[in-house]
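Worksheet: one structure, shown below.
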Amino acid sequence: MNKFDLILYDLDGTVWDSIPIIMDSFHHAYEAVLGRCDRSDEDLMSYIGKPLDVTFNMHDEKTAKALLDEYLDYNHKLLADDAIQMFPGVTDSLKRIRSAGIRQGVVTSKRGESALPTLKFKGLDDFFDVYVYKEDTYKHKPDAEPLIYAARKMGIADMSRVIYVGDALPDALCAVNAGSAFALVSWSKMDKEQIMKEAPDRSIVIDTLDELITKCIDCNPDSI
């Protein structure tokens, strides 16, 4: 019997290499609205994986809205030009996992309108079995609700039968709170040591998504 019934993936920094575009959009928004960006890249990157509007909550309501609107306008123009690249080997791995009969889905803090252009460009808009975007749940990562919602849509009640694949601390904490396993991609640009300290007991670091078959799906006593 398979160890897991469902693999769920984060998008940004996990499936595709969008971090440079996200950071570019942050900088642009601040420079356009405030004339400069005084926040460090480390600070801004700590919000990746969380809903976008949370990034600007430190400002008054009017400024936060202006920053969010400017970010989205600029970012959507980049997305419309197919500016995001897939990480090497990810598409082929996803296809092999699908061919093995393993159910897969997306759980992201991105809005559907922001995720769908790239999903369509990459041929993934109808590839997965379940999609959960920001607007689909009331609470968001690191809360457990998005993972639990995705599992319920697939008829899964036992969250120990789910593994979440991500690149950032909110992904790991979401898995902890949901009671699911976690796989950290080795190409993460975040502090991997910190993430693994906070990750669930059943966690691994993977160099390719194919390892989800050999380490996570097969009944191997050495797997998680």
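The values are calculated or read from the model by the stated rules, or taken from the named source; none is laboratory data. In this text, all values refer to a predicted model and were calculated from it rather than measured experimentally. Counting neighbours? That spans all protein chains shown, and the Cβs are built from the backbone with ideal geometry, glycine included.
Things to note:
- Qualifying residue in segment 111-123 (condition: in contact with a His (Cβ under 7 Å, 6 or more places away or on another chain), modelled with pLDDT of 95 or more and either assigned by TED's automatic domain parsing to the domain that holds Phe182 or not hydrophobic (A, V, I, L, M, F, W, C) (or both)): no
- Residue in segment 19-32 that is within 13 Å of the chain's Cα centre (by Cα), under 30 Å from Gly155 (Cβ atoms) and in contact (Cβ under 8 Å) with a residue 24 or more places away in the chain present: no
- Here Gly105 meets the list (1) closer than 20 Å to Ala168 by Cβ; (2) at pLDDT below 95 almost entirely, failing just condition (2).
- When residues in segment 9-58 are screened for being under 21 Å from Asp171 (Cα atoms), modelled with pLDDT of 95 or more and β-branched (Val, Ile, Thr), 2 of them pass.
- Qualifying residue in segment 212-224 (condition: touching a strand residue (DSSP E or B) at 6+ places or on another chain (Cβ under 8 Å) and among the aliphatic types (A, V, I, L, M)): yes
- Matching residues in segment 41-65 - criterion: being over 21 Å from the mean Cα position of the chain (by Cα) and in a loop (DSSP other than H, G, I, E, B): Met58, His59, Asp60
- Looking only at segment 3-24, residues that are surrounded by 18 or more Cβ atoms within 10 Å (Cβ to Cβ), of a type outside the set (Ser, Thr, Tyr) and not in a loop (DSSP other than H, G, I, E, B) come to 8 in all.
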